[in-house]
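Novice: Provided herewith is a single structure, encoded as structure tokens, for subsequent inquiry.
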Amino acid sequence: MAHAYTPGLTVTPAMIVRSIRRLPLAGEVVSGIGDRVKAEDVVAKTDLPGNVRILNVANLLSIEVAEINEYMLKTEGDSVTQNEIIAETKGLFGIFKSQATCPTNGNIESISQITGQVLIREPSIPVVVRGYIDGTVVEVLPEEGVVVETYGTYIQGIFGVGGEIVGDLEVIVDSASSPLTPNLIDDSHQGKIIVGGSMVSHEAIQSAIEKGVKGIVCGGISDKDLHDLLGYELGIAITGSEDIGITLVITEGFGQIDMAQRTFDLLRQRKDMQTSINGATQIRAGVVRPEIIIPIEETESAKEGEVTANVLEIGTQVRVIREPNFGSLGQVSALPAEPQQLESEAKVRVLEITLENGDQATLPRANVEIIGV
């Protein structure tokens, strides 16, 4: 039968991490298998075609569309500059000429004797894909990109906004229950990824942006503060492309929720280390989780590193993802085989867990997610 639980977040101090670095369209791959790359290194590049601008030359010159070639000063393929005259009439006795000027820099892509229009292609837009993490290229995707492998700490979050950034990690609160407030952020945090505890406010995020902070990792955020940050209600589309000047990774959920102690302790152990984070999130089909990757030196004792498949069994670490006890961590203590009837009168498979505070709870298996180790 299908698993009656939610595969959960990975929070592990050391594992093999692979990151696919792919161009948005075909281009040139500049790294090869075995190459050591840094997070800032370009591993693939291409050019996005520029926008097309339409200039109705026939209307501007008041001529018949079929006659457009007689008045063009440029031909297809020619480069043009903004405000350059590309077509003009002969005028009367050489004066009173009508002219058509180019609206942008680019190249003449086509001249139509059917519409009387000239299509101007703006300059192409260079696009590069960087390594994102320090590691080794283990696979080349021809004309697309590479796969970079590293060994390090890997933590998945619940929700995030903003794209990929790299910076040194700094924990600026004393405990996993401490909120991240504006007064904790100063000029020394410029270019860094800062870690808070239970919650980050909109004011704190704005202060971080003003101070040049690259990213924030925190336990929770309120719906209102997220709306104020983005300026709109977030739909079901994937996040990660927001242009807000910072990347945000929320590890626990919405509201004032303490960061899981295990996650907080792990981040504190990695302070001052180069860290890569990505806020991209998708919670519908094809789940995408925000992530934190911290490359570390590989040790022989941990070389198997790769996280194994999530298995729900006695001793498995889980997080409660619905009320009551939302956000609490615990360990599975029993897995009754037979379905049990809940207060709602629904009959479902349950599990028993021991919460971090020592309390016991019996919950539907669908109310928890496994924390990968």
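Just so it is clear, none of the values below were taken in a lab; they were calculated from the coordinates. Quantities reported herein were computed from a predicted structural model and do not represent experimental measurements. Methodologically, a virtual Cβ is constructed for each residue, glycine included, from the backbone with ideal geometry; neighbour enumeration extends over all protein chains shown.
Novice: Output wanted: per-residue J couplings in Hz (rounded whole) for region 119-124, from phi through Karplus 6.51 cos²θ - 1.76 cosθ + 1.60, θ = phi - 60°, x for Gly and Pro.
Specialist: 9, 10, 8, 5, x, 5
Novice: Computed FRET efficiency, Cβ-Cβ of Leu355 and Leu234, R0 35 Å: what is it to the nearest 0.05?
Specialist: On the way: r = 30 Å, r/R0 = 0.86.
It comes to 0.70.
Novice: Just to confirm my numbers, what's the Cα centroid distance between region 105-169 and region 353-367 in Å?
Specialist: One Cα centre to the other: 44 Å.
Novice: Right, next: Can you classify region 52-121 as rounded, prolate or oblate using the Cα gyration tensor, where a ≥ b ≥ c are the square roots of its eigenvalues, rounded means a/c under 1.5, and otherwise it's prolate if a/b beats b/c and oblate if not?
Specialist: Working: a/c = 2.03, a/b = 1.38, b/c = 1.47.
Here region 52-121 falls in the oblate category.
Novice: Let me ask something else. Once amide H atoms are built 1.01 Å from N in the peptide plane, which residues 5 or more positions from Ser110, or in another chain, come under 5 Å H to H?
Specialist: Hits under the 5 Å cutoff: Leu119.
Novice: While we're looking at this one, here's another question. Starting at the first residue of region 197-211, write each ³J(HN,Hα) from the Karplus equation 6.51 cos²θ - 1.76 cosθ + 1.60 with θ = phi - 60°, in whole Hz, x for Gly and Pro.
Specialist: After applying 6.51 cos²θ - 1.76 cosθ + 1.60, I find x, 7, 6, 10, 8, 4, 4, 5, 5, 5, 4, 4, 4, 5, 8 Hz.
Novice: What ³J(HN,Hα) values, in whole Hz, does the Karplus curve 6.51 cos²θ - 1.76 cosθ + 1.60 give for region 29-44 when θ = phi - 60°, with x put for Gly and Pro?
Specialist: 8, 10, 10, x, 4, x, 5, 8, 10, 9, 4, 8, 5, 7, 10, 7
Novice: Taking Cα pairs under 8 Å and at least six residues apart, what relative contact order does the chain come out at, in percent?
Specialist: On the way: 972 pairs, mean separation 70.1, N = 373.
Computed value for the chain: 19 percent relative contact order.
Novice: Return the lysines within reach of Lys224: Cα separation strictly under 23 angstrom, same-chain partners fewer than 8 residues apart disregarded; answer none if there are no such residues.
Specialist: In chain and number order, the partners are Lys211, Lys214.
Novice: Let me ask something else. Can you tell me the length gained on complete extension of the stretch Gln341 to Glu122, counting 0.36 nm per residue apart and subtracting the Cα distance? Intermediate results must be reported in sequence, preceding the final value.
Specialist: Values: separation 219, 0.36 × 219 = 78.84 nm, distance 6.54 nm.
That works out to 72.3 nm of additional length.
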